[in-house]
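Below: the structure, in structure tokens.
Coordinate-derived values only; no laboratory data. The structure presented is a predicted model; accordingly, all values stated were derived computationally and were not measured. Cβ placement follows ideal geometry from the backbone for every residue including glycine, while neighbour counts extend to all protein chains displayed.
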Ligand code: ADP
């Protein structure tokens, strides 16, 4: 069967596992410690039982005194009780400490997304990589979530091996007495060697075969990724309540059926994995299981022959069978877990590729001057910009200046570069060519967070969080309630606020609180506006700020905007020209360039200009 992805080398695989484990240790030390202590306990304590019960059986078969037998029985009982009680306690501790471990591990990715350059967060290849990691986790259970349990199993196998070896050595070293006739053959070094080799070979072969079966998951990862993508879309489409109406009208259930009932689909009865299970994959699994049984047979044969020859008593038979079975299990476990770690490393690789995405944006250290006269000026100087991976310029040679306190409108057709202009202004992206200056200094030279804090933006695709309303407005858990109320009032949300059962403490949506309220598009736009006002930044940027408002609400926002914005600079992006008429400067974008700049009246005078054309194209729909 042709597979599409080679396994990683052992060295690389172990390097990735080590890195993942160290990261988890840093993030969640207590959980790791509790898990490891539990493993040590669970791996070693069974040998106490094996040893003590062997002692008891020996005492019985050798006719020991009644009080010796009684003492051994009590010792067996008390030790079993104490050990399992302590084991239960450790287990509980481990469960408590690791209850949130999965989320803590996932937080690596979430923290990374929140701190990576916006350009990377906004890039489809970043999300394709993330999608890959998520699918591996969700559909195959592979990735960083496995690392801790893999290390746990590795440690357990090593400890079980050590304990098993300590109790098994004497099986090979205790000789059959010379009086045992043919059984003395069992003392022959050659026989012992053959026995050890057979046991080791069978022990190792079984997990090697099972690893081979397991490696299909890693090697077929890309094939599975495509299939999982289909299943995770079509398999749960019914849960997408936002699509419920469209699904019914366009009968999307038929599309789902077509994919989900396709018998040749990867996971279906005639798909690749079913064929593999009937062929090589299934054979590896069956052979691995059969060899485990062969091993048990060989062990019983060897131990019983030695006992029959008189090398040790009945008590020792149980000890040897139990300890060698554990010893073999640990070798098998060791091989299996190393194989699992190698397979899983193929899935750790994309995780680290994601975590290692570098922050390339130049981070300056200048503080933004706090001027009492609020005399700030922004200048775009010959700025051109291409989105990462794109050949075409979204902005081409844009030059313009504007001062604090001005009202700037950015107008133009869809796709003309308005939002891109704002994203560059707020330094979500850096220009490909040219520079942007704040008071004559390249904005790259300012401390990034500080420069960002100069802006308050409502993007077209803004989002509110499922937090209480007031926290949404303030962007913080603690905030000035009266200021939050004032901002909501200014944004036109005052009446609705008065109706909310918990006022500012009302949760938005129902993700976190069942008492949360669902809000309409227009209402959420007003809350987003209030959030912009609360920040009290120098620049207020509104990207289509009223698109979801009804005409009356839109009129209200615009007529009050001058008062609301006060002496701050306001940048409006809109393709509704009527709403920009009152601005000091209107910049008209077309195909990524500023083709006209000026006041409404001045721009209208140019009857061949773009603004004139846009204005009259819209005028037929609006009563100016
Ligand atoms: P507007 O806001 O005027 O509608 P945009 O600034 O959003 O226009 O888009 C300008 C151009 O840049 C369009 O051609 C658009 O397709 C392209 N563009 C926007 N965002 C991206 C992106 N993240 N990656 C690649 N191209 C983009």
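Against the main long axis of the alpha-carbon atoms of the chain, helix 124-140 sits at an angle near 30°. Just report the Cα centroid separation between the stretch 51-101 and the stretch 562-615, whole Å. If you average the Cα positions of each part, the centres end up 84 Å apart.
Across the chain, C-alpha contacts under 8 Å between residues 6 or more apart give a mean separation that, scaled by the residue count, equals a relative contact order of 15 percent. Helix 314-355 sits at what angle to the longest principal axis of the chain, using alpha carbons and giving 0 to 90 degrees rounded to 10? Helix 314-355 and the main axis of the chain meet at about 20 degrees. Of the peptides 76-83, 579-586, 241-248, 291-298, the ranking by mean beta-carbon count within 10 Å, highest at the top, reads 579-586, 291-298, 76-83, 241-248. With a Förster radius of 45 Å applied to the beta-carbon distance between residue 100 and residue 489, the computed FRET efficiency rounds to 0.65.
Between the helical axis of 280-309 and the longest alpha-carbon principal axis of the chain there is an angle of about 30 degrees.
The value of relative contact order for the stretch 274-405, using C-alpha pairs under 8 Å at least six residues apart, is 13 percent.
What shape does the stretch 259-398 take by its C-alpha gyration tensor, where a ≥ b ≥ c are the square roots of the eigenvalues and a/c under 1.5 counts as rounded, a/b above b/c as prolate, and the rest as oblate? Oblate, because a/c is 1.5 or more while a/b does not exceed b/c.
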